[in-house]
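Heads up, the thing below is written out as structure tokens.
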Amino acid sequence: MPLEDDFCDIIKKARMGQAWSVADVARMAGLPDGDLTALERGARPPDRSEVQALAKALGLRPGPLEQIAIEKWEPVAQQSMAWVERIRGSINGYGVQGYVVHDGGEALLIDTAYNAPAMIEFLSRRQLRLMGICLTHGHADHADGIDQILNYCQAPVYLGTEDIDLLSWRPPAAQMKTPEQGQTIAVGRLRVQCLTTPGHTPGGICYRVDAGSEHVCFVGDTLFAGSIGRSNPSTLYQTHLRSVRTRVLELSPEYQLLPGHGPATTVREELGHNPFVSIH
């Protein structure tokens, strides 16, 4: 699976997150405005000197940015786990993925993948009891379809309070649960721990699971392999970086990171290859 973000996505996210214009960044990087516009649009590949100049201007790590832009780095493929099912969906052709965590006949959904029928089909086929819907954030590609799922089986819905207004359909208040930092949700013998990670949205949540020697964090759009999601609004950019650096990437290096878009990665891979990881 290709990276969710390429070089042009990364530099545009970093520029917009800092509320800088094309002219601002072009001046700091010593590039003509037109060259930066072409690079952000993916109209041509950058050379190594341009990558280094833009990394410095934007506060990104130059080595990882070069690896993505020039060397075409991709994360090492991750092994699937018997207790995690990935569900794929599409919104207007844009791929999205959610997950089912299951054990002992019980299940938790991590986002809806914009594909409630597939989620319901998996629960039905495996005869799993739904214990909850854990939303990483309230955007439609991750949350739409909860009405269909709850019509199939009633369960609590976990979502950061600040994201409730993003939902296109809101469950009854009694079903809405606000995840707190460190809170755990049981599914069979497993315990899913909530990590508050605002940035992509104000109420973003990641969900961490430890199952013997297997360690996973479902990161939604907080982090992509080699990148991060877009900060919404852009004023959350610095908050977003703190969430990535102090919540997600403070986990042990062996943790698999399962995002809402693009390939799985690990903490170890991101510490070595993500341009947004702290350069200090």
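The values are calculated or read from the model by the stated rules, or taken from the named source; none is laboratory data. Predicted, not measured: the structure shown is a model, and the values here were computed from it. All Cβ positions, even for glycine, are placed from backbone atoms using ideal geometry, and neighbour counts span all protein chains on display.
Just a few scattered comments:
Conditions tested, residue by residue: (1) of a type outside the set (D, E, K, R); (2) closer than 15 Å to ALA264 by Cβ.
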{"position": "PRO62", "(1), (2)": "yes, no"}
{"position": "GLN79", "(1), (2)": "yes, yes"}
{"position": "ALA82", "(1), (2)": "yes, no"}
{"position": "ARG86", "(1), (2)": "no, yes"}
{"position": "SER90", "(1), (2)": "yes, no"}
{"position": "ALA107", "(1), (2)": "yes, no"}
{"position": "ILE110", "(1), (2)": "yes, yes"}
{"position": "ALA113", "(1), (2)": "yes, yes"}
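- Residue within segment 61-71 that is surrounded by fewer than 15 Cβ atoms within 10 Å (Cβ to Cβ), free of Cβ contacts under 8 Å to residues at least 24 places away in the same chain and in contact with a helix residue (DSSP H, G or I) (Cβ under 7 Å, 6 or more places away or on another chain) present: no
- Residues being of a type in the set (Ser, Thr, Tyr) and part of a strand (DSSP E or B) - total across segment 177-210: 3
- Residue check: LYS13 meets all listed conditions (1) in contact with a Phe, Trp or Tyr (Cβ under 8 Å, 6 or more places away or on another chain); (2) buried (at least 19 other Cβ atoms within 10 Å of the Cβ); (3) within 21 Å of PRO263 (Cβ to Cβ) but one, namely (1).
- Residues in segment 211-230 that are part of a loop (DSSP other than H, G, I, E, B), under 11 Å from the mean Cα position of the chain (by Cα) and of a type in the set (Ser, Thr, Tyr): THR222 only.
- Per the listing ILE133, ILE120, ILE149, the residue uniquely part of a strand (DSSP E or B) and β-branched (Val, Ile, Thr) is ILE133.
- Between THR246, THR239, the distinction of being surrounded by fewer than 22 Cβ atoms within 10 Å (Cβ to Cβ), more than 11 Å from the chain's Cα centre (by Cα) and touching a residue at least 40 places away in the same chain (Cβ under 8 Å) belongs to THR239 only.
- All conditions in (1) surrounded by fewer than 24 Cβ atoms within 10 Å (Cβ to Cβ); (2) more than 22 Å from GLN97 (Cα to Cα) hold for PRO275, with the sole exception of (1).
- Selection count, segment 152-176, where residues are in a helix (DSSP H, G or I) and buried (at least 19 other Cβ atoms within 10 Å of the Cβ): 2
- Residue check for PRO179: in the same structural domain as GLY98 (by TED's automatic domain parsing), touching a Ser or Thr at 6+ places or on another chain (Cβ under 9 Å), modelled with pLDDT of 95 or more and at negative phi: yes
- Out of ALA53, ALA23, ALA19, sole residue that is under 19 Å from ILE228 (Cα atoms) and either modelled with pLDDT of 95 or more or touching a Ser or Thr at 6+ places or on another chain (Cβ under 7 Å) (or both): ALA19
- Unique match (being in the same structural domain as LEU190 (by TED's automatic domain parsing) and either of a type in the set (A, V, I, L, M, F, W, C) or farther than 29 Å from ALA140 by Cα (or both)) among LEU108, LEU54: LEU108
- Total residues in segment 95-133, condition crowded, with 16+ Cβ neighbours inside 10 Å and more than 14 Å from the chain's Cα centre (by Cα): 21
- Segment 249-272 - residue that is hydroxyl-bearing (Ser, Thr, Tyr) and within 19 Å of VAL84 (Cα to Cα) and, of those, surrounded by the most Cβ atoms within 10 Å (Cβ to Cβ): THR265
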